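One structure is given below, encoded as structure tokens.
The values are calculated or read from the model by the stated rules, or taken from the named source; none is laboratory data. This structure is a prediction, so every number in the text was calculated from the model and none was measured. Virtual Cβ from ideal backbone geometry, glycine too; neighbours counted across all protein chains shown.
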Amino acid sequence: MNSPWTTHSIRKAYENPWIEVTHHEVTTPGGSPGIYGKVHFKNIAVGVVPIDAEGNTWLVGQYRYVLDQYSWEIPEGGCPVGTDPLDTAKRELKEETGLMAHSWEQIQYMHLSNSVTDEEGYAYIARDLEFGEAQPEDTEELKIRKLPLQEAVEMIHNGQITDALSIIALLKAAQVLRR
């Protein structure tokens with residue numbers, strides 16, 4: 001499908017190792033002049049819902065600087081573009097929880113905020129778990145919580161989990177496991 005937008009110019013407004021922000025001069029689908037800002041992520045978002053034989057999962061709690069608040073999330077991280085998201089999922093699960101899985105299933109591909117960014121994400125279920133020791137990065141101060149998957153879903157419904165990747169992955173995992 002052809003774009004109804006006309007792009008006249010693109011200029012880089014800001015860049016760091018994780019994102020690039022560009023300013024676009026455009027003509028809108030309605031024919032009027034306009035501007036658009038685009039945030040390009042240099043990594044792909046990857047999240048994991050680990051599930052044990054009893055139907056439990058693990059959440060990771062951490063303080064999120066950008067939000068200036070504490071957040072409960074699934075184990076997740078950034079996958080450099082051009083590398084395998086599953087490899088990143090395995091690494092993040094081990095780093096953040098100490099868990100390793102022998103069975104992996106991709107359950108969702110997504111765009112996380114497509115009105116301002118091209119960020120892509122992948123969600124996986126990890127099963128047949130093996131327990132080890134977490135090895136978080138030095139920028140992370142993590143709390144790990146084991147709980148029934150249904151309780152994590154309830155945390156979404158009562159507003160305790162607000163991270164988009166976590167919400168999508170947990171709801172999709174609950175749906176997949178009901179089959």
GLY82 more than 16 Å from the chain's Cα centre (by Cα) and at pLDDT below 95: yes
Looking at (1) surrounded by 14 or more Cβ atoms within 10 Å (Cβ to Cβ); (2) out of contact with any helix residue (DSSP H, G or I) (no Cβ under 8 Å at 6 or more places or on another chain); (3) without any contact (Cβ under 8 Å) to a residue 40 or more places away in the chain, which is the only condition MET100 fails? (2)
Take the residues in the range 152-179 that are of a type in the set (Lys, Arg) and part of a helix (DSSP H, G or I); name whichever of them is modelled with the highest pLDDT. LYS172
Checked the range 35-86 for anything surrounded by 15 or more Cβ atoms within 10 Å (Cβ to Cβ), free of Cβ contacts under 8 Å to residues at least 40 places away in the same chain and among the small types (Gly, Ala, Ser); matches are GLY77
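For SER113, indicate whether it is in contact with a Lys or Arg (Cβ under 9 Å, 6 or more places away or on another chain) and either in a loop (DSSP other than H, G, I, E, B) or surrounded by fewer than 16 Cβ atoms within 10 Å (Cβ to Cβ) (or both).
Working: in contact with a Lys or Arg (Cβ under 9 Å, 6 or more places away or on another chain): no; either in a loop (DSSP other than H, G, I, E, B) or surrounded by fewer than 16 Cβ atoms within 10 Å (Cβ to Cβ) (or both): yes.
Criteria not met by SER113.
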Matching residues, the range 120-151, being of a type in the set (Phe, Trp, Tyr) and either part of a loop (DSSP other than H, G, I, E, B) or surrounded by 13 or more Cβ atoms within 10 Å (Cβ to Cβ) (or both): TYR122, TYR124
